[in-house]
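One structure below.
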Amino acid sequence: MNRLTTSGAGYDLARFPEDPRDPFRAWDAADEYLLRRLEGTDESEPVDLSGAVVVVGDRWGALSTVLAGHRPVQITDSYLAQRATLANLDRNGVDAHAVRLLSARDTPPDRIDVLLVRVPKSLALLEDQLHRLAPGVHAGTVVIGTGMAKEIHTSTLKLFERIIGPTRTSLAVKKARLVFCTPDPALARTPSPWPYRYDLPEGVGPVSGRTVTNHAGIFCAERLDIGTRFFLGHLPARSGPDRVVDLGCGNGVVGLSAALANPEATVTFIDESYQAVASAEETFRANTGPDAKADFVVGDGPAQLPPASVDLVLNNPPFHSHQATTDATARNMFHGARAALRQGGELWVVGNRHLGYHTQLRRIFGNCITVAGDPKFVVLRAVKR
Ligand SMILES: C[S@@+](CC[C@H](N)C(=O)[O-])C[C@H]1O[C@@H](n2cnc3c(N)ncnc32)[C@H](O)[C@@H]1O
């Protein structure tokens, strides 16, 4: 946990799940820059926050916590960001109802007076969100984006220009930039181009040629990931009424493959992204009959599953840019999978060879074999004994 100090107050903030070994703070220079701009600077008046304030893409709830007194609506695609926000509000003695939490799948407010956008890593998610928010924006809406300079590209500004109105950026401060956008009510409203659907290639087992649905911002939304492709070629052949989990399901192609290969299985699709779980559900429904059994869960890994309830977990763990985050998420997923598996149940993992997941799996499960490998990827199997 770290303390964020604004001119008015101090806030104790942490990421979620809180991990004392996590070297990263729950906010960065882009959040600080935006908060300073809202308070007003030597060159600018404070922003009037008395109307409907919407905060989009707040990574760990820092912005929402500081702005809680203005009863903002927070919109995010991330379940972990929502949990971080609730934990940070609680940590600072703020009532959870001070911030209205909406997911990227929910209908945004129909009137927005101040729109604050933490520019997401995915341009596609920004595009989809701006399209969905635009009807609530009016000529007087104050629209300010924020991000680290390396996250804000010409393409980012063009999206604001095309969907909301004329856009300019601030000078960089501590490698962060603000985006100022003036709504143009005369701009024609166009629908979001998302979701995107594509057909899988041949040679990937039961899902060959199937159509997958991808909502904006999900992992590998425009083509099949090469690691996933390798996994699809080496999934276990099983039969009977298995309980299978597609852990970190993305568009659900791995779980769909398991369901098509074993129609008696019940597959639970889990992801922390609302857009991913919606994609997985649409992919599954479009490719299976009415008798196919599946659950769709937005959550933090397998944490919500009853212990010892699952026969098979299939997992392509997330690979973030911060190595420490990557390791922690994969490790948490492996621990959670072990708890959810019944005795004799199996966890199958695909990963980049260099990530060394076999070492972690051996530590957590006491065993791990390599089922398949190529120069880049390995498929690993660990059994709960
Ligand atoms: C490498 S992608 C794999 C997606 C899909 N299974 C595939 O192979 O195409 C990892 C997925 O894990 C999800 N994820 C990341 N952290 C998570 C968490 N704590 N709980 C559940 N899912 C998570 C991401 O949103 C992403 O969809």
Given (1) hydroxyl-bearing (Ser, Thr, Tyr); (2) at pLDDT 95 or above; (3) farther than 23 Å from Gly93 by Cβ, where does Ser64 come up short, assuming only one miss?
-> (3)
Test Gly345 against the stated conditions and say whether it is assigned to a strand (DSSP E or B), away from the ligand (no atom under 12 Å from the Cβ) and without any contact (Cβ under 8 Å) to a residue 60 or more places away in the chain.
-> yes
Report yes if some residue within region 172-188 is within 16 Å of the ligand (Cβ to nearest atom), of a type in the set (A, V, I, L, M), crowded, with 19+ Cβ neighbours inside 10 Å and in contact (Cβ under 8 Å) with a residue 40 or more places away in the chain; otherwise report no.
-> no
Residue satisfying condition, being closer than 22 Å to Val349 by Cα, in contact (Cβ under 8 Å) with a residue 12 or more places away in the chain, among the small types (Gly, Ala, Ser) and within 15 Å of the ligand (Cβ to nearest atom), within set Ser257, Ser239 | Ser257
Would you mind telling me which numbered condition in (1) over 22 Å from Pro72 (Cα atoms); (2) surrounded by 22 or more Cβ atoms within 10 Å (Cβ to Cβ) Val56 fails?
-> (1)
Looking at region 260-301, which of its residues are acidic (Asp, Glu) and either more than 9 Å from the ligand (Cβ to nearest atom) or crowded, with 24+ Cβ neighbours inside 10 Å (or both)?
-> Glu264, Asp271, Glu281, Glu282, Asp291, Asp295
How many residues does region 369-385 hold that are buried (at least 20 other Cβ atoms within 10 Å of the Cβ) and over 15 Å from Met333 (Cα atoms)?
-> 3
Please state which one of Thr211, Thr228 is of a type in the set (Val, Ile, Thr), more than 8 Å from the ligand (Cβ to nearest atom) and in contact with a helix residue (DSSP H, G or I) (Cβ under 8 Å, 6 or more places away or on another chain).
-> Thr211
Consider Gln360 carefully, then state whether it is part of a strand (DSSP E or B) and farther than 21 Å from Ile226 by Cα.
-> no
Residue list for region 99-110, restricted to those being in contact (Cβ under 8 Å) with a residue 60 or more places away in the chain and surrounded by fewer than 19 Cβ atoms within 10 Å (Cβ to Cβ) | Arg105
Restricting attention to region 1-24, does a residue exist that is surrounded by 23 or more Cβ atoms within 10 Å (Cβ to Cβ) and out of contact with any helix residue (DSSP H, G or I) (no Cβ under 8 Å at 6 or more places or on another chain)?
-> no
Hits in region 140-163 - residues which are over 14 Å from Pro120 (Cβ atoms), in contact (Cβ under 8 Å) with a residue 40 or more places away in the chain and aliphatic (A, V, I, L, M) = Val142, Val143, Ile144
Starting from region 214-230, keep only residues that are free of Cβ contacts under 8 Å to residues at least 40 places away in the same chain and farther than 14 Å from Tyr274 by Cβ, then list their pairs with residues that are more than 10 Å from the ligand (Cβ to nearest atom) and assigned to a loop (DSSP other than H, G, I, E, B) whose Cβ atoms are within a distance under 7 Å, requiring at least 6 positions of separation or different chains.
-> Leu224/Leu200; Leu224/Pro201; Arg229/Val204
Counting just the residues of region 70-98 that are buried (at least 19 other Cβ atoms within 10 Å of the Cβ) and charged (D, E, K, R), which one comes out nearest to Pro17 (Cα to Cα)?
-> Arg83
Of the conditions (1) in contact (Cβ under 8 Å) with a residue 40 or more places away in the chain; (2) over 11 Å from Leu314 (Cβ atoms); (3) of a type in the set (Ser, Thr, Tyr), Ser208 fails just one. Which one is it?
-> (1)
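The values are calculated or read from the model by the stated rules, or taken from the named source; none is laboratory data. The structure displayed is predicted, hence computed values, not measured ones. Methodologically, a virtual Cβ is constructed for each residue, glycine included, from the backbone with ideal geometry; neighbour enumeration extends over all protein chains shown.
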